[in-house]
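A.B. asks: One structure is given below, represented as structure tokens, and several questions about it will come after.
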């Protein structure tokens, strides 16, 4: 059964669905300094359901606050 799934077009459709959502969610988590979310989104695969929830619910709270802090990957600003 797994062999037929891997040889079918379903695998490509799943990848085309998951990868853009995962990329956007990881980018927003890094931008908003959500370290725990970044790790969970990187490791857990929920066929983009968790990523969509993060993008539309959890990341929008931080962006609306207008945070000017650096991202998780950027160097801290020196005063």
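The values are calculated or read from the model by the stated rules, or taken from the named source; none is laboratory data. Everything numeric in this text was worked out from a predicted model, so none of it was measured. Positions of Cβ are generated from backbone atoms using ideal geometry, with glycine treated the same way; all protein chains shown enter the neighbour counts.
A.B. asks: Here is a check on your reading of the model: is residue 21 under 9 Å from the mean Cα position of the chain (by Cα) and either surrounded by fewer than 18 Cβ atoms within 10 Å (Cβ to Cβ) or over 24 Å from residue 54 (Cα atoms) (or both)?
C.D. replies: So residue 21 does not fit the description; no.
A.B. asks: Determine the pairs where a residue that is in contact (Cβ under 8 Å) with a residue 24 or more places away in the chain, located within the range 38-51, has a partner that is in a loop (DSSP other than H, G, I, E, B) and surrounded by 12 or more Cβ atoms within 10 Å (Cβ to Cβ) with Cβ atoms under 8 Å apart, the partner being 6 or more residues away or on another chain.
C.D. replies: 38/72
A.B. asks: Looking at (1) exposed (fewer than 12 other Cβ atoms within 10 Å of the Cβ); (2) under 17 Å from residue 22 (Cβ atoms); (3) at pLDDT below 90, can you tell me which one residue 43 breaks?
C.D. replies: (3)
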